[in-house]
Amino acid sequence: MNAIDGIEILTDPDNLDHFGRDWTRFWPPRPEAIAFPKSTADVVELVKWARRTGRRLVPSGGRTGLSGGAVAPYGEVVVSLEKMRALIEIDTVDASLSAQAGMPVGEVQRLAAEQGLCYPVDWAAAGSSHLGGSIATNAGGIRVLRYGMTRDWVRGVTVVTGSGEVLELNRGLVKNNTGLDLRHLMIGSEGVLGIITEATVGLTSPPPEQSVLLLGFTGLKAIMSAFADLRAGLNLSAFEFFDQRSVDHVADRTGQRFPLDESCPFYAVVEFDDPGQGSQEQALALFEQLLDAGHVADGTISQSGAQASELWHWREAISESISECTPYKNDLSVRVSRVPAFLEALDGLLGRHYPDFEVVWFGHIGDGNLHMNVLKPHDWSVEDFHDALRRLSPKVFDLVRQFEGSVSAEHGVGLLKRDDLHYSRTDAEIGLMRWIKQHFDPDGILNPGKMFRT
């Protein structure tokens, strides 16, 4: 591969393997090379070079995605934003931060905090995921209940399209009603329309002091009843649920003891505003109410920030704890009120077709998002396991469609859900997506084969 002036190119096997994959493990990485631009101008040069030479480009951030969106399995050149981490500006008057796309989201949060502000979109991998990647996938996380998705905080993006054109979209404005807002086409586009090189995000005031309830539920139906009562009585910022299998995997991985004595089928970490611990009495009264109603069997409440972090750990450590089991992840959503019926139907479906597979459940139940993780048996190959789950997927997605839900709530489409887009989008919508892709990327060089077949 020919060198490109001023742009570092690596082709050694270790870097090809490292930068050619994301957290999915179903597609072996086979990139031709890894390119490390340092500026928007460098990305423009890479795009123009790719058009001249017939190369295909895979934009790459922190590679924490779970749908194969950053995998390079077909000899593509990976465009890593790893070296584009510079802070451009923090504007405390506008309450905004501008940075290159490779800045980790955790760094955005830290820089905002230094100015007495907050970037509130958060998830377990925030320390390693990149700002640009989180925008390209419209990342959600653990506090969507209060703060919404990444889309709700993006004030502007700089994008290099597949034709090499630089678009500066919205330029950080709060209000701008001059026609179609192309910024929102780029948010969640998974790099198929353009490569995000810079972004401006809004900031907000830090939340008040928080406390955390850890609750053990008696069953599925009890969860939503408890959610309704807690939301009415407390100012919630998160309601994250997980099952007993999740607890077992975290305990096995960490060697730690779970804080609750009573074994329950499901649990939830419930975060709420508690300045000066002034809401503790109300929280305990609600807990007693749920206990008397038979909705919860056990629970505890944090008495300090350190204790709150310890309780959060049992939710945040799940993905890492099951990662060695090569989980087949389904990131599904339905309307919040339909969660119990949907989860019960889905659990029954899996039990009928693959009773020997271990299924781990967790998710952001406060916004209707469930993560179904089917774990690979030790004696199965990755290929056989993937094939078995792909045969099951149409049944799962048919159920999603019956409940008028989404086959990908927050992880995107990538390669994993590419052939399943029609379960959540109409033919007319998919046709328009293809038309838009063609206009932004006329040669089809950007993230080929992701989101839909090209």
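Okay, here's what the table says:
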| item | result |
| --- | --- |
| Along each principal axis, Cα extent of segment 307-367, largest first, Å | 39, 31, 16 |
| Dipole moment magnitude, nearest 20 debye, the chain about Cα centre, only Lys, Arg, Asp, Glu C-beta charged | 1520 |
| FRET efficiency, GLU358 to SER337 (Cβ-Cβ, R0 35 Å, nearest 0.05) | 0.75 |
| Backbone N under 18 Å from the ASP248 label point (7 Å along Cα→Cβ), restricted to segment 373-417 | 373-380 |
| Descending semi-axes in whole angstrom, ellipsoid equivalent of segment 1-65, from the Cα gyration tensor | 21, 13, 11 |
| Ranking of LYS395, LYS376 by count of other Cβ atoms within 10 Å, fewest first | LYS395, LYS376 |
| Alpha-carbon Debye profile of segment 247-373, log10 I(q)/I(0) at 0.13, 0.16 Å⁻¹ | -0.66, -1.00 |
| Interatomic Cα distance distribution for segment 243-306, bins of 5 angstrom, percent | 3, 14, 23, 22, 18, 13, 6, 0 |
| Percentage of interatomic Cα-Cα distances in segment 318-421 larger than 24 Å | 17 |
| Positive-end extreme of charge dipole, segment 211-315 - chosen from LEU236, ALA285, SER302 (charges on Cβ) | LEU236 |
| Karplus-derived 3J(HN,Hα), 6.51/-1.76/1.60, for each residue of segment 343-350, Hz, glycine and proline x | 5, 5, 5, 5, 4, x, 4, 5 |
| Mean Cβ neighbour count within 10 Å, used as a protection proxy, ranking 351-359, 433-441, 172-180 highest first | 433-441, 351-359, 172-180 |
| Per-residue Cβ neighbour rank within 10 angstrom, fewest leading, PHE26, PHE217 | PHE26, PHE217 |
| Backbone HN-Hα couplings from phi across segment 55-68 [Karplus 6.51/-1.76/1.60, Hz, Gly and Pro as x] | 7, 10, 10, 10, x, 9, x, x, 6, 9, x, 10, 10, x |
| Debye log10 I(q)/I(0) at q = 0.20, 0.25, 0.30 Å⁻¹ for segment 359-409, Cα point scatterers | -0.82, -1.05, -1.18 |
| Inter-site label distance for ASP347 and ARG453 at 7 Å from Cα along Cβ, in nm | 3.7 |
| Length-normalised contact order for segment 210-319 - Cα pairs under 8 Å, 6+ apart - percent | 47 |
| Packing-based exposure ordering (other Cβ within 10 Å, fewest first) of VAL336, VAL396, VAL71 | VAL336, VAL396, VAL71 |
| In Å, descending, principal axis extents of the Cα set of segment 1-118 | 46, 33, 20 |
| Calculated FRET efficiency for the pair LYS83/TRP435, C-beta based, R₀ 22 Å, to 0.05 | 0.05 |
| Inverse mean reciprocal Cα-Cα distance (Kirkwood Rh) of segment 87-202, Å | 14.1 |
| Order by protection proxy (mean Cβ within 10 Å, highest first), peptides 447-453, 380-386 | 447-453, 380-386 |
| The chain, relative contact order [Cα under 8 Å, separation at least 6], % | 16 |
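A short reminder: the numbers here are calculations on the coordinates, not readings from a lab. As the structure is a computational prediction, the values presented were derived from the model and not from experiment. Note that each Cβ is placed from the backbone with ideal geometry, even for glycine, and that neighbours are counted across all protein chains shown.
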